[in-house]
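Read the structure below first, then the notes.
What follows draws every value from the coordinates through simple rules; no lab data is involved. From a predicted model like this one, the values you see are computed outputs, not experimental measurements. We place every Cβ from the backbone using ideal geometry, glycine too, and count neighbours over all the protein chains shown.
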Amino acid sequence: MSLNIIAPSILAADFGNLQRDVEMVNNSAAEWLHIDIMDGVFVPNISFGMPVLKSIAKHSKKILDVHLMIVNPDQYIKTFANLGANILTVHYEACPHLHRTIQAIKATGMKAGVALNPHTNINVLEDTINDIDLVLIMSVNPGFGGQTFIENTFSKVSQLKELIERKRSKAQIEIDGGVTDTNAKKLISVGANILVAGSFVFKSENQIETIKKLQQLANIH
């Protein structure tokens, strides 16, 4: 297993050929498959729900990295565990009882992730960072694919890395939104170790090659 991970985002796939695109990821250098679940309430868009995730899980050979952009995520934790999610990430902004939510995710055997919107400060995780397996930094405003990367993300990742080291947490840092070959290396250099790439992968001419290129960029030392 390589040091840093590429997680193609299925939100950018061709929904008319979902099995084909999942199998492309299976055959690629990517280690995770990133799946965005949106409810049209927490974010102004609706992606897909349980039946689609079930069919993705049936075909995928990768770690399923499920990102919930929904209100009341607690009521669906067991459902996502049963559907085959390996990692379940909830939004800090959607969880009034974050510690309890993290514990509930871990109780099912999944890894627990916490996502932060672009406007949310890293210091809100000061008290929970040791319970979290993964922090997902939104580098675009959540809800739609294909958006432009927010430059402030770099300093945010640096601050998060500092918090993780200071607290001796084992949390990994994932970046979601606008990741391309132009910022991948810098994101890794400031502390990220998982890069989610949607449009950049699925809209490229050669998707397997694009994933391979990102993987190489992410692991140049």
Subject >> Karplus-derived 3J(HN,Hα), 6.51/-1.76/1.60, for each residue of segment 163-169, Hz, glycine and proline x >> reply: 4, 4, 5, 4, 8, 6, 7
Subject >> Members of Lys58/Lys167; Lys170/Lys213; Lys78/Lys203 lying beyond 31 Å, as alpha-carbon distances in this model show >> reply: Lys58/Lys167; Lys78/Lys203
Subject >> From phi via Karplus (6.51, -1.76, 1.60), per-residue ³J(HN,Hα) for segment 70-79 in Hz, x at Gly/Pro >> reply: 9, 7, 6, x, 3, 6, 10, 4, 5, 4
**OP:** Please list 151-160, 79-88 highest first by mean number of surrounding beta-carbon atoms within 10 Å per residue.
**Re:** 79-88, 151-160
Subject >> Label zone at Glu126 (point 7 Å along Cα-to-Cβ), backbone N below 20 Å, segment 141-177 >> reply: 155-171
Original post:
Under a 5 Å amide H to amide H cut-off, with H placed in plane at 1.01 Å, what residues pair with Lys111 once short-range neighbours are removed?
Top reply: Ile87, Leu88
Original post:
Of the peptides 54-60, 96-102, 135-141, how do they stack up when ordered by the mean number of other Cβ atoms within 10 Å, highest first?
Top reply: 135-141, 54-60, 96-102
Original post:
So who's got an amide H within less than 5 Å of the one on Ala29, skipping anything under 5 residues away but keeping other chains? H placed 1.01 Å off N, in plane.
Top reply: Lys212
Original post:
With θ set to phi - 60° and the Karplus curve 6.51 cos²θ - 1.76 cosθ + 1.60, what are the ³J(HN,Hα) couplings of segment 99-116 in order, to the nearest whole Hz, using x for Gly and Pro?
Top reply: 4, 5, 4, 4, 4, 5, 5, 5, 4, 8, x, 7, 7, 9, x, 10, 9, 10
Original post:
Around His91, which amide H atoms from residues at least 5 apart in sequence, or from another chain, sit under 5 Å from its own amide H, with H modelled in the peptide plane?
Top reply: Ile70, Ala115
**OP:** Nearest 5 is fine: what % of DSSP beta bridges in the chain come out antiparallel, could you say?
**Re:** 5
Original post:
If the cut-off is a Cα-Cα distance under 14 Å, which aspartates and glutamates reach Lys161, setting aside same-chain residues fewer than 8 apart in sequence?
Top reply: Glu126, Asp133, Glu174
Subject >> Top of Ile150, Ile105, Ile188 by mean-square fluctuation, Gaussian network on the chain, Cα under 10 Å >> reply: Ile150
Subject >> Computed helical MRE - 222 nm, the chain, DSSP H runs ≥ 4 contributing -39500 (n - 2.57), nearest 500 >> reply: -9500 deg cm²/dmol
